[in-house]
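Participant: Structure incoming, see below.
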Amino acid sequence: SQQGEEDPQALSIQEGENATMNCSYKTSINNLQWYRQNSGRGLVHLILIRSNEREKHSGRLRVTLDTSKKSSSLLITASRAADTASYFCATHTYGGYTGKLIFGQGTTLQVKP
Amino acid sequence: DGGITQSPKYLFRKEGQNVTLSCEQNLNHDAMYWYRQDPGQGLRLIYYSQIVNDFQKGDIAEGYSVSREKKESFPLTVTSAQKNPTAFYLCASSTEGANGYTFGSGTRLTVV
C-alpha cells in the first residue's frame, strides 16, 4: 500500500533556482523522511522530521511538516545540476512493526545547467 | 567502510527458474528489508526482518521467499511463482526505530 503521494511527479528547473516538492499522506505518522535516488542506484537518506517538529534544515534542504494537513514539503535552495535525481518521501506510522517505512511514488527533478 | 552490498548488479532469469539475490550489511543493524521498484514507481515492500530467524511479509510477498540465518545477511529468492519478476530490487537496513534506512545499490532482474 502506498501512503505518500508526491507532487509534482516531475519538475524541471534551471540551475540556481529553488525546487519544491510536496508529499501528502493518509494516516497519523511517527516521522517522515526524505530520500534521494540517482538513476539506477539505491536511495540515500536526506532528512527526517518527527511528528512534533514543524521545520528542519540540513544544508540547502528545508523540510516542513504540517500534521493537520497531513503534508510535507522539501525545498532545495540554489539547485545544482548534481541535484538531478528522484526524491521520495517515506512515512513511519504507529502500530505494527516500529521500523516499517512506506514510500511515495517520487518526484523526478531535473536541474538544467 | 560500513554499508550494504547487493549482488549481483544485473541478473537474468529464465522462465520457471528460481534466482537468489544477495544482501549483506556490516552496519550491525538489526532490521533488514527488501523492496521492489518498477519503472517510474515508488518502492513496494516485499519482506522485512527485525531480528535473526524472524521475518514478516510485506505488501507484495507472493512469489518471493527470504531467510535470516545471520544478522548480516538477508537473501531474497524470486521463485517461479512470481509471474512478473522483472524489476529493480533494493535491500535496506536500519537500527530499531526507523531513524533512516541505509540502502544497497540494487539488483536489476530481467526475465529472458
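Participant: Those residues that are modelled with pLDDT of 95 or more, within 11 Å of another protein chain (Cβ to nearest Cβ) and over 10 Å from the mean Cα position of the chain (by Cα), I need them from segment B:11-47; list them, please.
Facilitator: Answer for segment B:11-47, where residues must be modelled with pLDDT of 95 or more, within 11 Å of another protein chain (Cβ to nearest Cβ) and over 10 Å from the mean Cα position of the chain (by Cα): just B:37.
Participant: Looking only at strands (runs of 3 or more DSSP E) that lie completely in segment B:56-112, which have at least 1 residues being touching a residue at least 60 places away in the same chain (Cβ under 8 Å) and of a type outside the set (Val, Ile, Thr)?
Facilitator: In segment B:56-112, the matching strands (runs of 3 or more DSSP E) lie at B:87-94, B:107-111.
Participant: Quick one: in segment B:1-40, which of the residues that are in contact with a Gly (Cβ under 7 Å, 6 or more places away or on another chain) and in a loop (DSSP other than H, G, I, E, B) is surrounded by the most Cβ atoms within 10 Å (Cβ to Cβ)?
Facilitator: My answer is B:27.
Participant: Kindly indicate the residue of segment B:87-112 that is under 14 Å from the mean Cα position of the chain (by Cα) and of a type in the set (Val, Ile, Thr) and also modelled with the lowest pLDDT among those meeting that condition.
Facilitator: Within segment B:87-112, the match that is modelled with the lowest pLDDT is B:102.
Participant: Here's another thing I want to ask about it. Scan segment B:72-87 residue by residue and report those that are closer than 22 Å to residue B:4 by Cβ and not hydroxyl-bearing (Ser, Thr, Tyr).
Facilitator: Matches in segment B:72-87: B:72, B:74, B:75, B:76, B:78, B:85, B:87.
Participant: Return the only residue of A:67, A:84 being surrounded by fewer than 21 Cβ atoms within 10 Å (Cβ to Cβ), β-branched (Val, Ile, Thr), over 19 Å from residue A:19 (Cβ atoms) and away from chain B (no Cβ under 14 Å). Steps first, please.
Facilitator: Numbers: A:84 fails: over 19 Å from residue A:19 (Cβ atoms).
Within the list A:67, A:84, the selection yields A:67.
Participant: Go through (1) crowded, with 19+ Cβ neighbours inside 10 Å; (2) farther than 25 Å from residue A:108 by Cα; (3) modelled with pLDDT under 95; (4) in contact with a Phe, Trp or Tyr (Cβ under 8 Å, 6 or more places away or on another chain) for residue B:50 and report which single condition fails.
Facilitator: The number of the failed condition is (1).
Participant: I'd like to check which strands (runs of 3 or more DSSP E) are fully inside segment A:5-113 and have at least 1 residues that are of a type outside the set (Phe, Trp, Tyr) and farther than 24 Å from residue B:5 by Cα. First the steps, then the outcome.
Facilitator: Working: elements: A:5-7, A:10-14, A:19-24, A:29-37, A:43-50, A:55-58, A:61-66, A:71-76, A:85-93, A:101-103, A:107-112.
It comes to A:5-7, A:10-14, A:19-24, A:29-37, A:43-50, A:55-58, A:61-66, A:71-76, A:85-93, A:107-112.
Participant: Any idea which of A:73, A:39 is of a type in the set (Ser, Thr, Tyr) and over 21 Å from residue B:34 (Cα atoms)?
Facilitator: When all the criteria are applied, what remains is A:73.
Participant: Within segment A:11-37, which residues are over 23 Å from residue B:102 (Cβ atoms) and either modelled with pLDDT of 95 or more or surrounded by 15 or more Cβ atoms within 10 Å (Cβ to Cβ) (or both)?
Facilitator: The initial filter retains those residues of segment A:11-37 that are over 23 Å from residue B:102 (Cβ atoms), namely A:11-20, A:22, A:24, A:26-28.
Once the filter is applied, which keeps residues that are over 23 Å from residue B:102 (Cβ atoms) and either modelled with pLDDT of 95 or more or surrounded by 15 or more Cβ atoms within 10 Å (Cβ to Cβ) (or both), segment A:11-37 yields A:11, A:12, A:13, A:14, A:15, A:16, A:17, A:18, A:19, A:20, A:22, A:24.
The values are calculated or read from the model by the stated rules, or taken from the named source; none is laboratory data. Here the structure is a predicted model, which is why all the values come from computation and not from measurement. A quick note on method: Cβ atoms are made from the backbone with ideal geometry, for glycine too, and the neighbour counts reach across all protein chains shown.
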